[in-house]
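Written out below as structure tokens is the structure these notes cover.
The values are calculated or read from the model by the stated rules, or taken from the named source; none is laboratory data. For clarity, every value in this text was computed on a predicted model and none was experimentally measured. Here the Cβ positions follow ideal geometry from the backbone for every residue, glycine too, while neighbour counts run over all protein chains shown. Ligands, DNA and RNA are excluded from the accessible area calculation, which covers all protein heavy atoms including side chains. Shrake-Rupley method; radii C 1.70, N 1.55, O 1.52, S 1.80 Å.
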Amino acid sequence: MPQVKTPEQLFKHELQDMYYAEKTLATTLPKLAQEASDSELSRAFTSHQKETEKHVRNLEKVFEQIGASAQAHPCPGIDGIKKEHDEFMREAEPTTAMRDAFLTGAAARAEHYEIAAYTGLVNQARALGEREAVDLLQENLRQEKEALKKVESISKRLLKETNGTSRRRSSSRSRTKAGASR
Ligand SMILES: [Fe+2]
Ligand SMILES: [Fe+2]
């Protein structure tokens with residue numbers, strides 16, 4: 001990793017980190033769209049995938065503005081979120097409903113990560129007087145916040161639906177138990 005001694009170098013480093021994260025998400029989101037059974041959730045992943053491709057292009061424009069080449073620097077943060085997802089899918093053998101609920105949580109984690117990163121990048125760009133970069137980064141940040149809101153509202157609906165089902169199941173179970181003890 002090259003040394004970071006100035007705010008300009010730190011800004012470039014964090015751009016490279018986010019460039020890696022966005023590229024990773026751009027290739028991961030189609031997989032999530034396929035894994036989701038709920039059609040609204042699947043559509044949300046597909047539409048955020050298109051936004052994510054735009055995020056990659058916006059970052060490339062920011063690189064251009066600071067006179068740097070667009071380079072990705074591995075981002076263990078996003079790799080960790082992805083790894084958690086991959087392990088769950090491989091090992092947890094979730095039901096369809098639990099898989100969808102899990103996917104909303106995994107997506108929310110990624111969006112929170114992006115929101116934190118872009119909030120920092122916007123502040124850095126502003127402090128450096130990079131006005132066009134501020135606008136581009138803010139556009140990405142806005143869409144991450146929208147994506148988070150969307151996934152949180154889907155999550156609430158899914159939880160309501162699955163809790164309704166399990167409550168009905170457990171109340172019929174206690175009725176059976178009561179019948180057996182009589
Ligand atoms: Fe993004
Ligand atoms: Fe995102």
Computed over the stretch 1-57, the relative contact order (Cα-Cα under 8 Å, seq sep at least six) in percent reads 34
Put Lys5, Lys12 in order of accessible area, largest first, probe 1.4 Å, and you get Lys5, Lys12
Once the dipole of the chain is set up from charges on Cβ (+1 Lys and Arg, -1 Asp and Glu), the residue from the list Val122, Ala106, Gln49 lying farthest towards its positive end is Ala106
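Note down the magnitude of the dipole of the chain about its Cα centre, charges +1 on Lys and Arg C-beta and -1 on Asp and Glu C-beta and zero elsewhere, to the nearest 20 debye.
Numbers: 30 positive and 28 negative charges, 292 e Å.
Here the size comes out at about 1400 debye.
Determine the relative contact order of the chain: mean sequence separation of Cα pairs under 8 Å and six or more apart, normalised by residue count, in whole percent. Don't skip to the end; give the middle numbers.
Working: 159 pairs, mean separation 46.7, N = 182.
Answer for the chain is 26 percent.
Kyte-Doolittle mean at least -0.5 and Cα extent at least 15 Å along the axis: which DSSP H helices of the chain qualify?
Numbers: long enough: 7-35 (41 Å, -0.75); 39-65 (39 Å, -1.31); 76-91 (22 Å, -1.36); 96-127 (47 Å, -0.02); 131-181 (74 Å, -1.26).
Membrane-span-like by this criterion, though nothing is claimed about a membrane: 96-127.
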For the stretch 31-103, dividing by residue count, accessible area per residue (probe 1.4 Å) in Å² works out to 56
Counting only protein heavy atoms with a 1.4 Å probe and every protein chain in place, the carbon and sulfur fraction of the accessible surface of the chain in whole percent equals 51
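Only helical DSSP H runs with n ≥ 4 go in: add -39500 (n - 2.57) per run for the chain, normalise by residue count and round the 222 nm mean residue ellipticity to 500 deg cm²/dmol.
Values: 5 runs with 155 residues, N = 182.
So the helix-based figure for the chain works out to -31000 deg cm²/dmol.
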Taking a crude spin-label model, label points 7 Å out from Cα along the C-beta direction, the Ser47 to Leu159 distance in nm is 2.2
